[in-house]
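Any read-out appearing in this document is the output of simple, stated calculations on the displayed coordinates, not a laboratory observation. Computed from a predicted structure; not experimentally measured. Cβ placement follows ideal geometry from the backbone for every residue including glycine, while neighbour counts extend to all protein chains displayed.
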């Protein structure tokens, strides 16, 4: 199992309509054949010093293995998402774990 966790900080001038479109585009990534699970979230209302709630969206994808992850990285759906929505990113942090 490999988890691919992406945290997105969108630019401060991103509208609610753009955020909705961003989230819908993230949902299309379920169509990548090697994706075994996908969860999209926003910061939970938890106030603890060790919890970072500054990001806009969290994307967690599960793959069987590194090979599945590699297919995802070059897949047309992933490339289309990046092509259209990369302009909204202020910051992105990725954690991959196996």
Report the relative contact order of the chain, percent, no decimals, based on alpha-carbon pairs under 8 angstrom and at least 6 residues apart.
50
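Could you compute the FRET efficiency for residue 51 and residue 74, with r as their C-beta to C-beta distance and R0 at 35 Å, rounded to 0.05? Could you put the intermediate results ahead of the total?
Details: r = 34 Å, r/R0 = 0.96.
Plugging the Cβ-Cβ distance into 1/(1 + (r/R0)^6) gives 0.55.
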Checking the a/c ratio against 1.5 first, then a/b against b/c, what shape does the Cα gyration tensor give for segment 13-83?
oblate
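Given a Förster distance of 25 Å, report the FRET efficiency between residue 24 and residue 3 from their Cβ-Cβ distance, rounded to the nearest 0.05.
Values: r = 23 Å, r/R0 = 0.90.
That pair, residue 24 with residue 3, gives E of 0.65.
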